[in-house]
1. Somewhere in the range 28-42, is a residue modelled with pLDDT under 95 and among the aromatic types (Phe, Trp, Tyr)?
2. Tell me, which strands (runs of 3 or more DSSP E) wholly within the range 12-51 include 2 or more residues that are in contact with a Ser or Thr (Cβ under 8 Å, 6 or more places away or on another chain)?
3. Hey, Trp109 hits all of (1) modelled with pLDDT of 95 or more; (2) among the hydrophobic types (A, V, I, L, M, F, W, C); (3) touching a Leu at 6+ places or on another chain (Cβ under 9 Å) but one; which does it fall short on?
4. Check the range 48-68 and report whether any residue there is surrounded by 13 or more Cβ atoms within 10 Å (Cβ to Cβ), within 13 Å of the chain's Cα centre (by Cα) and of a type in the set (D, E, K, R).
5. Go through the residues of the range 8-17 one by one and say whether even a single one is of a type in the set (A, V, I, L, M), within 28 Å of Thr125 (Cβ to Cβ), surrounded by fewer than 17 Cβ atoms within 10 Å (Cβ to Cβ) and within 12 Å of the chain's Cα centre (by Cα).
6. Would you call Ala43 among the aliphatic types (A, V, I, L, M), under 24 Å from Pro118 (Cβ atoms) and within 17 Å of the chain's Cα centre (by Cα)?
7. Give me the pairs, please: first residue somewhere in the range 72-86 and in contact (Cβ under 8 Å) with a residue 60 or more places away in the chain, second residue anywhere and surrounded by 14 or more Cβ atoms within 10 Å (Cβ to Cβ), beta-carbon distance under 6 Å, and either six or more positions apart or on two chains.
8. If I ask for residues that are among the charged types (D, E, K, R) and surrounded by fewer than 17 Cβ atoms within 10 Å (Cβ to Cβ), which ones from the range 91-128 would you list?
Amino acid sequence: MAVLAALCLAAGAFHVRLPVTHFTLRWRHSIEKIEWDEDYEVAGDWLLLSQARIRGSGAGMEPPPGATLFDGAWHYRLADPWRREVVLARSDFVPDYELCIGGRCQRLWHWIPVAAGPTTLTACTAPR
């Protein structure tokens, strides 16, 4: 039986499965108001952080060593890009995270309400 890779979102009683293999997670730092983007690939049971961008720097937000400045953003790759999960703290006091799939970005509340609490992103598989 073939397996279809996907991204799973979970928070409280909410569980959503999105049939994607690539996505971008985007947000603004709550204090510095600087935009961050992280590009991920679903790779088996893992999420691979293939590239990230920071559109500026500030307290506690310095680009990592080896980052390059291009088009107003610091571009970088982490030495250890593999993640079993990504846990997102969410709040009504700051704009929600954006999930971009195929060039279309939507706030996470489109799938899971902010009030559901911390949201976990994982790779998930299911039979086709």
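The values are calculated or read from the model by the stated rules, or taken from the named source; none is laboratory data. Everything quoted here is computed from the prediction, not taken from an experiment. Cβ placement follows ideal geometry from the backbone for every residue including glycine, while neighbour counts extend to all protein chains displayed.
1. Scanning the range 28-42 turns up at least one residue that is modelled with pLDDT under 95 and among the aromatic types (Phe, Trp, Tyr).
2. Values: elements: 14-18, 22-28, 35-43.
Result: 35-43.
3. It is condition (3) that Trp109 fails.
4. Initially, the range 48-68 is screened for residues surrounded by 13 or more Cβ atoms within 10 Å (Cβ to Cβ), giving 48-57, 61, 63, 67.
Filter once more, so that each one left must be within 13 Å of the chain's Cα centre (by Cα): 48-53.
Okay, now just the ones that are also of a type in the set (D, E, K, R), so 53.
Looking through the range 48-68, at least one residue is surrounded by 13 or more Cβ atoms within 10 Å (Cβ to Cβ), within 13 Å of the chain's Cα centre (by Cα) and of a type in the set (D, E, K, R).
5. No; the residues of the range 8-17 include none that is of a type in the set (A, V, I, L, M), within 28 Å of Thr125 (Cβ to Cβ), surrounded by fewer than 17 Cβ atoms within 10 Å (Cβ to Cβ) and within 12 Å of the chain's Cα centre (by Cα).
6. Details: among the aliphatic types (A, V, I, L, M): yes; under 24 Å from Pro118 (Cβ atoms): yes; within 17 Å of the chain's Cα centre (by Cα): yes.
Yes; evaluated as a whole, the condition is true for this residue.
7. Partner pairs satisfying both residue conditions: Val86/Leu121.
8. Within the range 91-128, Asp92, Arg104, Arg107, Arg128 meet the criteria.
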